[in-house]
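A quick write-up on the structure given underneath.
The values are calculated or read from the model by the stated rules, or taken from the named source; none is laboratory data. Since the structure is predicted, the reported quantities are computational estimates derived from the model, not experimental observations. Cβ placement follows ideal geometry from the backbone for every residue including glycine, while neighbour counts extend to all protein chains displayed. The accessibility values were calculated without ligands, DNA or RNA, using every heavy atom of the protein model including side chains. Shrake-Rupley method; radii C 1.70, N 1.55, O 1.52, S 1.80 Å.
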Amino acid sequence: MSREDRLSILTDAVAQRVLRPLDLAFARFLAECDAQAEPRLLLMAALASRQLGDGHPCLDLRAMPALVDEHEWPAFWIDLLAPLQPPDSPLVASSDGLPVNAPLVLDQHRLYLRRYWEYERRVAHGIVTRLDSSSLSMENLRDELHRLFPSSINGDLDWSRAACALATRGAFSLITGGPGTGKTTTVVRLLGLLQTLHLHQHTTPLRMRLAAPTGKAAARLNASIAKQIAQLDVDEKVRATIPLEAETLHRLLGARPDSRRYAHDSHHPLHVDVLVIDEASMIDLEMMDAVLDALPPQARLILLGDKDQLSSVEAGAVLGDLGQRAEQGHYSDATAAWLRSASGDDLNAFVRADALPLDQHIAMLRSSHRFGAASGIGQLAAAVNAGDTAAVSRLLDARSGDIAWISAGVSHLPFASIALDGDADRFRTETSESTPHGFRFYLDHLRERRPASNADKATYLRWAYDVLEAFNHFQVLCAVRHGPTGTERINRDIATALLTAKLIEADRGWYEGRPVMMTRNDYSLGLMNGDVGIALRMPGPDGELRLYAAFPMTRESATGGADASEIAVRCVLPSRLGDVETVYAMTVHKSQGSEFEHVALVLPEDISTILTRELLYTGITRARRWLSLFATQAAIERALTQRTRRYSGLAERLAMI
């Protein structure tokens, strides 16, 4: 059988869109490397590449029957791949990585592209080696915990206090929890605790840094952390050492354009003793490897995030793998006894016989301060997270004051008209002091508060910042990009409706009021994939008004002098922005790390594998006060019964090391 005959089945799969051209190219590359490569191996390699494109670091050979059903792969592939084990080949290394030049690695029942096998192995090693590494004195721990958490230490379980105490026991900790559970408040107290304990032994303070995967997530962390620091009951010299500003992971590591490498790595480590990363659910396997590689061996890593949110767009679900046992705690008797002595918290209800070392460094915050007991959004999010179909139906049918559910004819609804005013009449307003906004709100803000033409630059920057803040009151979120309920169509329809209502001056190209999102990192401009800006007429260097794209920035990356730094706005000429798209509507994936006062969440009517419980939960929890859900009953039920799964060996490695 010729090489082309062996590859013909893959060519057919590409034509049927079962495989990508990239997957076929990878198989062809392997066939060039080994002219004797068996068809079974080439198919397995193409599928491993395809799985990587779907976010899975490996091809789980044991799961092949389920994968065939899930992805509607040809059923005869099971017979073609039998036995579900790659044949002996110089292209495949064993679990010890030998031969070192083999592009594939078989580790137990998982087939990896070598690079991702290396990432997974190094991430597991980098975390485990930090579990027992700690140089802090515990002498004053109980007193400091009592000061930071003034409630009496009487045996009641305060998860925030417990999280802080557990995090002092090693150089790695994970604090997870849903929206509004106090992750930021907890980590600020933890930083104060770590610094205080450190300064009992040393004169030089710990070097601390804050980071997040995206600029928007970093900006959100910035907005909340200053207030938390001001309220922190620690010495002034301790308070002064806690950073006020977060930065993106790319900026922290020193990303190099058009390269997978960073300025900081094991040979050029970060100058940091404690690194906090917020919104860690968005971190993929490759990025986590880069972070651990750049951290000095003694540095502490603290991850914050919601383990139940969507996984990262790229391969891997690091936070999900790390936090999959957090709900039940899985603490050991020794940990429970230590915590009772250190803080007075009683973990007995969460002690398990199968406790693992990693479990002792994870805490889950469980009480939401954002959503009160009467919040429909909060109750709905909890019911979705639990997969409770009956509770979800009951909550949606109840038509609570903060939820509007539109279930019929979703693909034919006039989203454009709804988006103008947020369709406020669908919400009960008799018990509310205000009603939800649509896009008219920020466009009225833009026009009515525009500075005089001769106003100074600082006044214009403040106006731009206010418009950006007003835009964040409302956002349309979609599950998909294409089709009648996708972002592409809805963005076009909304722009047309705004033009018809004379709220904008054009519905294509660059026009004032156009919201745009960066679709790739631009290091020269300091703008990252996912950053959102708005086109506004601002004074140029000559004082003349011209159209700029105004982006909210963290203070450390803002330019333009003290005034620009204070309000953190960067203005960029549209001609310098090639990689942007209009963003009246964005995908749920792109919305991670963001919050909006009012969210309109749109699910497709056709039953799709994209509909998962995690997607629905993530979309719902982007809303702070109001949620408009456009979804059929069938789409909601599909989402509740379908979980996002990333095939990975990370959790197993962490359990075995």
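Some notes on this structure:
- Expressed as a whole percent, the accessible area of the chain that falls on carbon and sulfur atoms is 49 (1.4 Å probe).
- Projecting the Cα atoms of 521, 589, 404 onto the charge dipole of the chain (Cβ charges, centred on the Cα centre) puts 521 farthest toward the positive pole.
- From the largest down, segment 43-190 spans 65, 34, 23 angstrom on the principal axes of its Cα atoms.
- Which of 119, 84, 195, positive extreme of dipole for segment 80-196 (C-beta unit charges): 195
- Once the chain from residue 575 to residue 511 is taken as fully extended at 0.36 nm per residue, the excess over their C-alpha distance is 21.8 nm.
- Each Lys and Arg contributes +1 and each Asp and Glu -1, all at the Cβ; summed about the Cα centre of the chain, the dipole is approximately 740 debye.
- Computed Rg/Rh of segment 227-269, alpha carbon atoms with Kirkwood Rh: 1.22
- Average projected area [Cα convex hull, segment 1-77], square nanometres: 4.9 nm²
- Accessible area (Å², 1.4 Å probe, nearest 10) - residue 571: 50 Å²
- Rough spin-label spacing in nm, given labels placed 7 Å along Cα→Cβ, for residue 652 and residue 397: 4.3 nm
- Peptides 213-220, 70-77, ordered by how many other C-beta atoms sit within 10 Å of their residues on average, highest first, read 213-220, 70-77.
- Charge dipole of segment 228-302 (Cα centre as origin; +1 on each Lys and Arg Cβ, -1 on each Asp and Glu Cβ, all else neutral): 220 debye, rounded to the nearest 20.
- Anisotropy class of segment 260-346 from Cα gyration tensor, a/c 1.5 cut: oblate
- Separation of the residue 263 and residue 449 label points, Cα + 7 Å toward Cβ, nm: 3.5 nm
- Ordering 200, 109 by accessible surface, largest first, gives 200, 109; the 1.4 Å probe counts only protein heavy atoms, with every chain in place.
- Look at where the Cα atoms of segment 344-409 and of segment 1-64 average out, and the two centres are 41 Å apart.
- The charge dipole of segment 123-244, taken about its Cα centre with unit charges on the Cβ atoms of Lys, Arg (+1), Asp and Glu (-1) only, comes to about 520 debye.
- Rolling a 1.4 Å probe over the protein heavy atoms gives segment 66-159 an accessible area of 51 Å² per residue.
- Candidates per GluC sites (Glu not before Pro) in segment 165-250, loop by DSSP, up to 13 other Cβ within 10 Å: none
- Mean residue ellipticity at 222 nm, helices only, the chain: -11500 deg cm²/dmol; runs of at least 4 DSSP H residues each add -39,500 (n - 2.57), and the sum is divided by the number of residues.
- In range of the label at residue 524: residues from segment 205-235 whose backbone nitrogen is under 18 Å from the point 7 Å along Cα→Cβ: none
- Length-normalised contact order of the chain in % [C-alpha pairs under 8 Å, at least 6 apart]: 14 percent
- Radius 15 Å from Cβ of residue 176, net charge of other residues (Lys, Arg +1; Asp, Glu -1): -4
- DSSP beta bridges in the chain [antiparallel fraction, %, rounded to 5]: 40 percent
- The residues packed around residue 108, meaning those with a beta-carbon under 13 Å from its beta-carbon, carry a net charge of -1 if Lys and Arg are +1 and Asp and Glu are -1.
- Computed Rg/Rh of the chain, alpha carbon atoms with Kirkwood Rh: 0.97
- With protein chains left intact and a 1.4 Å probe, residues in segment 253-380 average 39 Å² of accessible area per residue.
- Ranking 621, 356, 454 by how far each Cα lies toward the positive end of the dipole of the chain (charges on Cβ) leaves 454 at the top.
- Separation of the residue 324 and residue 606 label points, Cα + 7 Å toward Cβ, nm: 3.1 nm
- Between residue 499 and residue 637, the contour length at 0.36 nm per residue exceeds the Cα-Cα span by 46.0 nm.
- Where a label projected 7 Å from the Cα of residue 386 along Cα→Cβ would reach, residues of segment 165-179 with amide N under 17 Å: 178-179
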